[in-house]
Amino acid sequence: MSAGLRSGQVAEAAGVNVQTLRYYERRGLLAEPERSNGGHRLYGEDAVTALRVIKAAQRLGFTLEEVPELLEAGRHRHGRSVAGLQDRAAAKLAEVDAKIADLTTIRTALAAAVEAGCDDLTVCASSTCCPIPFTDLAKERHAGPCC
């Protein structure tokens, strides 16, 4: 690809739609492109790469709020102590592991409820033989200060 790609070309090459491209531009994730004499946006190949990086970061669980930090860390590591991809990926991995643990707990409780034939949560909550650990689940979800 050559310099001077139009919005549709960049979006197609990166696998996004033009609205996504413009949204990322408004959020400051992409640099504002040059304009042709006719006012059309003209992007360099680096815009395609940036879009691919943004989409890959999102697929890895990073939010659009976290993406600028990832991009910035990669650009300015020289001479400064900036958390790069390794640190941020390790933190995101810990978040994913915590979510997996939560989902495993939820799955176990739901599978037990299905197997036991539970039909009414209110009845189950007051039954000693109910497989759903209501008290434990409530404690896990509200481990912080009360709302």
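The values are calculated or read from the model by the stated rules, or taken from the named source; none is laboratory data. Remember, predicted model here, so these are calculated numbers, not experimental data. Because the Cβ atoms are built from the backbone with ideal geometry, glycine has one as well, and the counts that use them run over all protein chains shown. Quick note on the areas: whole protein, heavy atoms, side chains included, nothing else; ligands and nucleic acids left out. Shrake-Rupley method; radii C 1.70, N 1.55, O 1.52, S 1.80 Å.
Check the stretch 5-15 and report whether any residue there is at pLDDT 90 or above, over 24 Å from the mean Cα position of the chain (by Cα), in a loop (DSSP other than H, G, I, E, B) and not small (Gly, Ala, Ser).
Checked against the condition, which is being at pLDDT 90 or above, over 24 Å from the mean Cα position of the chain (by Cα), in a loop (DSSP other than H, G, I, E, B) and not small (Gly, Ala, Ser), the stretch 5-15 yields at least one hit.
When the residues of the stretch 44-60 are narrowed to those that are farther than 25 Å from Val96 by Cβ and small (Gly, Ala, Ser), which ends up least open to solvent (accessible area, probe 1.4 Å)?
Ala47
Cβ-Cβ distance below 7 Å, separation of 6 or more or different chains: which pairs start in the stretch 26-43 with a residue that is of a type outside the set (A, V, I, L, M) and open to solvent by 30 Å² or more (accessible area, probe 1.4 Å) and end on one that is at pLDDT 90 or above and assigned to a loop (DSSP other than H, G, I, E, B)?
Going by the 7 Å Cβ cut-off, the qualifying pairs are Arg27/Leu64; His40/Arg6; Arg41/Arg6; Arg41/Pro33.
Quick check, is Glu72 farther than 30 Å from Ala94 by Cα and open to solvent by 30 Å² or more (accessible area, probe 1.4 Å)?
no
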